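Report on the structure given below.
Nothing in this text is a laboratory measurement; each read-out follows from the coordinates by a stated rule. Keep in mind the model is a prediction, meaning the values are calculated, not measured. Neighbour counts are summed over all protein chains in view; Cβ atoms, including those assigned to glycine, are modelled from backbone coordinates with ideal geometry.
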Amino acid sequence: MKNYVKNISAKLIIILTAAIALLGCYNPGKNKERIFHYNEYNGIASLDPAFAKSQSTMWPAHQLFNTLVEVDDNLHIIPSLATRWEISSDKKTILFYLRNDVFFHDDRCFSNGIGRRVTAQDVAYSFYRIIDKKTASPGSWIFNRKVDTLNPFTALNDSVFQLKLLNPYQPILGILSMQYCSIVPKEAVDSYGVDFRRHPVGSGPFSFVAWEEGQALILKKNANYFEKDSIGNRLPYLDGIYISFYDSRATEFLLFRQKKLDFINDIEASFKDEVLTKRGTLREDWAGKINLQTGPYLNIEYLGILMDVKNDLIKNSPLRLKQIRQAINYGFDRRKMILYLRNSLGTPAESGFVPFGLPSYDTNVVKGYHYDPVKCRQLLADAGFPDGKGLPSIKLTTISVYAEMANFIARQLEESGIKVQVDVVQKSLLLELTSGSKVSFFRGSWIADYPDAENYLAVFYSKNPAPPNYTRYNNPAYDVLFEKAISETNDSMRYQLYQQADQMIIDDAPIVPLWYDKVVRLVQTNVIGFTTNALNLLELRKVKLK
């Protein structure tokens with residue numbers, strides 16, 4: 001494998017050197033150490049932000065494009081292309097005032113190949129493009145039933161953009177921070193057509209150089225980028241980014257060990273015990289050689305339960321009974337599971353569905369489940385199955401990565417009398433089964449698209465299809481709470497409503513929360529200014545390599 005890695009790496013270096021040298025950014029003597037390297041083992045499907053539906057596409061989009069607003073490391077909405085915004089008294093119109101010093105990257109789609117200034121017309125164009133059926137963006141849902149049906153997006157002049165909502169909707173600023181809402185120039189989309197996916201033109205801190213699909217993606221510093229640091233130095237500090245596409249996590253880890261990658265995201269299960277103690281710290285032989293970064297990650301891992309009693313899968317299933325669903329929640333030890341199977345990389349989900357890291361998360365208010373076999377057996381008896389007698393076996397459908405976790409849960413539940421059969425399927429099949437209500441008990445996860453609890457609670461809103469409402473939960477009282485919360489402009493009151501809705505979900509138990517995730521990164525010691533955030537966005541504007 002080492003020879004294979006050596007040969008492919010040599011090919012990638014040739015691509016990198018030739019591409020960046022061609023555009024005048026690469027100096028082997030001076031700038032070589034200022035190229036940030038990382039691997040994307042999932043590959044990248046598109047560089048068009050209208051298709052930024054996964055982390056692998058969000059990361060490069062964040063380097064290439066800007067949005068009106070963005071999220072800082074503390075999950076606060078802050079200005080980006082917009083310097084400020086004004087919300088009307090009826091909370092349905094927002095005016096965004098744009099910077100006048102932001103320019104698109106130089107590209108042949110523009111007159112004389114020089115990037116022009118970003119205007120409010122570009123914002124309106126970009127947003128209309130997302131909802132245009134011809135674009136077929138997977139992000140078209142972000143404005144559904146939220147924005148005005150006649151004139152949602154209007155450029156009042158070059159510097160003022162108007163957004164009109166159907167009803168007050170407080171999370172809208174979070175939605176505008178998503179990569180889907182990146183601002184693109186019409187000239188580039190018209191010029192490149194479907195090839196815009198592999199020839200992006202934005203205004204971000206890095207610009208496109210070359211993409212050899214399956215081999216490497218290369219970006220270079222945008223010398224005209226508008227942001228500066230606190231002492232007036234223009235960002236970014238790096239000269240470029242080099243992304244490889246090895247699909248083997250073992251190869252990725254080897255390259256990291258050889259210092260050919262500046263960081264790796266997450267730790268593959270097969271080598272986590274080599275690097276980490278059970279308490280989630282670096283083992284002694286790694287200490288000082290690399291840095292371990294961890295922090296809250298807005299992702300919850302859970303088991304879902306189909307709630308549609310009209311579905312044949314549920315009509316005669318014990319899962320239709322609330323006591324059985326609650327018994328499952330009490331019947332296994334989340335803390336032990338995270339300690340031994342996750343090396344403490346996660347927080348046991350003993351509160352609500354809304355994860356640790358969001359402002360409305362409060363374990364003192366939203367009371368979840370903890371390991372209590374006595375309570376589990378009592379609920380079984382209340383449901384008519386003392387010690388599990390007469391209780392049919394329940395099938396839990398999962399994917400191979402989580403098979404060990406599922407078997408752990410199944411073994412513990414069996415001790416209380418709940419028999420669980422673990423069925424392992426391909427990820428694509430599980431998505432098909434859950435979307436079509438063809439499975440009654442299944443493994444799931446939900447990663448935030450924007451930093452608001454609404455993003456999680458919408459999973460149980462009855463008017464939403466699957467996705468996101470995979471459980472088909474339908475509770476009119478919950479819907480009323482949810483609708484009231486998203487129109488509430490007072491943060492404290494909105495959080496209280498979120499917490500009430502979250503507690504209702506926990507009490508009805510359409511899900512079995514497992515753990516609140518963590519961002520986990522292994523980073524080389526020469527990487528400076530590299531921070532984590534709860535959305536796990538790759539932030540490279542202020543990164544330096546020493």
Handout entry: Distance from region 383-447 to region 493-546 (C-alpha centre basis), Å
Key = 26
Handout entry: Projected-area average for region 2-247 over all orientations - Cα convex hull basis, square nanometres
Key = 14.8
Problem - region 143-161 and region 169-212: distance between their alpha carbon centers, rounded to Å - result: 18
Problem - Translational diffusion coefficient (Stokes-Einstein; Kirkwood radius from C-alpha pairs) of region 355-505 at 4 °C, 1.567 mPa s, in µm²/s - result: 74
Handout entry: Rounded tilt (10° steps) of 476-487 against the dominant C-alpha axis of the chain
Key = 30
Practice task
Work out from phi, with θ = phi - 60° and the Karplus expression 6.51 cos²θ - 1.76 cosθ + 1.60, the ³J(HN,Hα) of each residue of region 228-239, listed in order in whole Hz, and give x for Gly and Pro.
Solution key: 10, 7, 5, 10, x, 6, 6, 8, x, 7, 5, 8
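Which value does Rg/Rh take for region 335-417 over its C-alpha atoms, Rh per Kirkwood?
Answer for region 335-417: 1.01.
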Completion exercise
Shape call for region 197-315, from the Cα gyration tensor axes a ≥ b ≥ c (a/c under 1.5 means rounded, otherwise prolate when a/b beats b/c, else oblate), comes out oblate
Exercise for the section: May I ask you to work out the translational diffusion coefficient for the chain at 20 °C, viscosity 1.002 mPa s, via Stokes-Einstein with Rh from the Kirkwood sum over Cα pairs, reported in whole µm²/s? Expected result: 85
Problem - Mean Cα-pair separation over length for the chain, i.e. relative contact order, pairs under 8 Å, 6 or more apart, % - result: 18
Practice task
Give, rounded to the nearest 20 debye, the magnitude of the charge dipole that region 297-518 has about its Cα centre when Lys and Arg contribute +1 at Cβ and Asp and Glu contribute -1 at Cβ.
Solution key: 660
Fill in the blank from the handout: The helix 373-382 Cα axis meets the longest alpha-carbon principal axis of the chain at an angle in degrees, between 0 and 90 and rounded to 10, of 60
